[in-house]
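Below is one structure, written out as structure tokens; the observations come after it.
The values are calculated or read from the model by the stated rules, or taken from the named source; none is laboratory data. Note that the structure is predicted; figures quoted are calculated from it, not measured. Using ideal geometry, Cβ is built from the backbone for each residue, glycine included, and neighbour counts are taken over all protein chains shown. Side chains are part of the model used for accessible areas, which takes the heavy atoms of the whole protein and leaves out ligands, DNA and RNA. Shrake-Rupley method; radii C 1.70, N 1.55, O 1.52, S 1.80 Å.
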Amino acid sequence: MYHSETLREAGYRILQARAARAITAGELFPQRQDVIGSYTRSGAAVKPGSHVPGQFSDSWNFGFSLSWELDFWGRFRRAVAAADANLDASVLAYDEVLVTLLADVAANYVTVRTTQERIKLLQANVELQQGIYQFVEERLKAGFKQTELDLDQALTTLRQSEAAIPQLEITLR
């Protein structure tokens, strides 16, 4: 079964592909960073048992480390290229959905405008056919050699045209 993707879903797929690409590109940078720091202050009394401070010593200790896997075989670069391709495919899918949406809107607009024009022309045609029917009816009453068949034909044509208008209005809705 074919599933038509909505424009919103296609947009979310682009955001998902962008996030996946950012995560993949992050693998090129150090995967582990550590920073270590400490400070110690020590003091000794002047006389043993005395609480009068004597000498103090400060100790500072700092360090950091970075570690990452080197990309000797190009695994990370290929993963980034694949993520880029996936992002491009998502953008193209979005564009395809957008083109389909615009085509549907354009086709429906043409259908609506055509149906409106057909209704307008059919209403004008009904007015003309009413005039023809009245003309044939008056000639028949006046004694011209018009037959009742001509009158029936004019009435049938008029009714068919009148009946077509509601069908077009339903199509328009």
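Odds and ends about this structure:
- Check on Ala79, at pLDDT 75 or above and within 19 Å of Gly26 (Cβ to Cβ): yes
- Residues (closer than 14 Å to Asn125 by Cα and of a type in the set (S, T, N, Q)) located in the range 136-173: Thr156, Thr157, Gln160, Ser161
- Lone qualifier among Leu140, Leu102 - being farther than 16 Å from Ile14 by Cα and more than 40 Å from the chain's Cα centre (by Cα): Leu140
- Flag for Ala85 being surrounded by 15 or more Cβ atoms within 10 Å (Cβ to Cβ) and free of Cβ contacts under 8 Å to residues at least 60 places away in the same chain: no
- Within the range 151-161, restricting attention to residues that are of a type outside the set (S, T, N, Q) and open to solvent by 60 Å² or more (accessible area, probe 1.4 Å), the residue that is nearest to the chain's Cα centre (by Cα) is Arg159.
- Any hit, the range 100-111, residues being hydroxyl-bearing (Ser, Thr, Tyr) and within 30 Å of Arg21 (Cβ to Cβ): yes
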